[in-house]
Amino acid sequence: MAQQRRPEWWHPRASSIALVVVATAAGVLFATSARLFSADDRETPTDIADLVRIESRRLDQLEADVAELRAERDKLVEASDMVLPTTSEDVLAAAAGTSLKGPGLRVELWDAPAVSVENTSYDVNDLVVHQQDIEAVMNALWAGGAEGMTVQGQRLTMTSSVRCVGNVLLLHGRQYSPPYVIEAIGNEDRMRAALDASDEVQVYIQYVEAVRLGWRVTGLESTTMPAYTGPLTLTHAQVIAGVS
């Protein structure tokens, strides 16, 4: 029987070397992937609390990076004599970029005791401070001429928003529990009048009287608000053309 001829392209030595190179590269790739996936697994949230904890830690690092970059920027601007252009959006953003001090008002809200709805037509949802209650106070204070505002000590900007999950408040990537404290710098009389004129705030006051939701308004002779140090980039959703 004639011996089977190997293809002309076959070369044992060259094929062996190629095989070793491919195997080595694959091994490095698999090892790198394993490390990456292992790191991801450690950071995979199992519930909302885990997600908030992981994102809070990431936010802390991002804020530290932003603060470092801003310090570097300030040094460069101070050493330069050029005039930086500004827009109306830049001015609004910068309003929370520096600390603020002055007289103002503090509003505190907290959940009602559970016993307050026994033998009444109210339910447990009526016993907690909701997102719309906090927003009603914030809107009234802005309408009353507030120059700056904090919620739970966090400085608010034009892109800030509060979100409630159950009785937990989410703001700037952090979570808070009641009592909720809102402070505003401005004319105390005007802001008190704006609270009294707000229909939404007055609805909350009715529940304060009915189920003992927490409510306290305190005048402040002077308070200091920290500068906002988080990212100022506004992100938004966008509709993709042709997708309904």
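Which of (1) within 14 Å of the chain's Cα centre (by Cα); (2) at pLDDT 85 or above is the odd one out, the single condition residue 234 does not satisfy?
Against the list (1) within 14 Å of the chain's Cα centre (by Cα); (2) at pLDDT 85 or above, residue 234 comes up short only on (2).
Among 136, 114, which is the only one that is of a type in the set (A, V, I, L, M), surrounded by fewer than 18 Cβ atoms within 10 Å (Cβ to Cβ) and not assigned by TED's automatic domain parsing to the domain that holds residue 50?
Numbers: 136 fails: surrounded by fewer than 18 Cβ atoms within 10 Å (Cβ to Cβ).
The conditions single out 114.
Report, ordered by the first and then the second residue, all pairs with beta carbons closer than 7 Å, sequence separation of six or more or different chains, a first member in region 152-177 that is under 16 Å from residue 110 (Cα atoms), and a second member that is of a type in the set (Asp, Glu) and at pLDDT 85 or above.
Qualifying pairs under 7 Å: 162/135; 167/111.
Here's the yes/no breakdown for (1) in contact with a Phe, Trp or Tyr (Cβ under 8 Å, 6 or more places away or on another chain); (2) within 26 Å of residue 101 (Cβ to Cβ); (3) part of a helix (DSSP H, G or I):
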| position | (1), (2), (3) |
| --- | --- |
| 178 | yes, no, no |
| 183 | no, yes, no |
| 189 | no, yes, yes |
| 194 | no, yes, yes |
| 202 | no, no, yes |
| 205 | yes, no, yes |
| 209 | no, no, yes |
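Kindly provide the set of residues from region 145-201 that are of a type in the set (Gly, Ala, Ser) and buried (at least 18 other Cβ atoms within 10 Å of the Cβ), ordered by number.
Step one: of region 145-201, the residues of a type in the set (Gly, Ala, Ser) are 145-146, 148, 153, 160-161, 166, 173, 177, 184, 186, 193-194, 197-198.
Listed by number, the residues that qualify are 146, 148, 184, 186, 194, 198.
Does residue 221 satisfy the criteria of being closer than 17 Å to residue 137 by Cβ and of a type in the set (Asp, Glu)? Steps first, answer last, please.
Details: closer than 17 Å to residue 137 by Cβ: no; of a type in the set (Asp, Glu): yes.
No: the conditions fail for residue 221.
For residue 121, state whether it is assigned to a helix (DSSP H, G or I) and either aromatic (Phe, Trp, Tyr) or at pLDDT below 95 (or both). If you could, list the steps in order and put the result at the bottom.
On the way: assigned to a helix (DSSP H, G or I): no; either aromatic (Phe, Trp, Tyr) or at pLDDT below 95 (or both): yes.
Spelling it out, it is not the case that residue 121 is assigned to a helix (DSSP H, G or I) and either aromatic (Phe, Trp, Tyr) or at pLDDT below 95 (or both).
The values are calculated or read from the model by the stated rules, or taken from the named source; none is laboratory data. Predicted model, so just to flag it, every value in this text is computed and none were measured. As a convention, Cβ positions derive from the backbone with ideal geometry for all residues, glycine included, and neighbour counts pool all protein chains shown.
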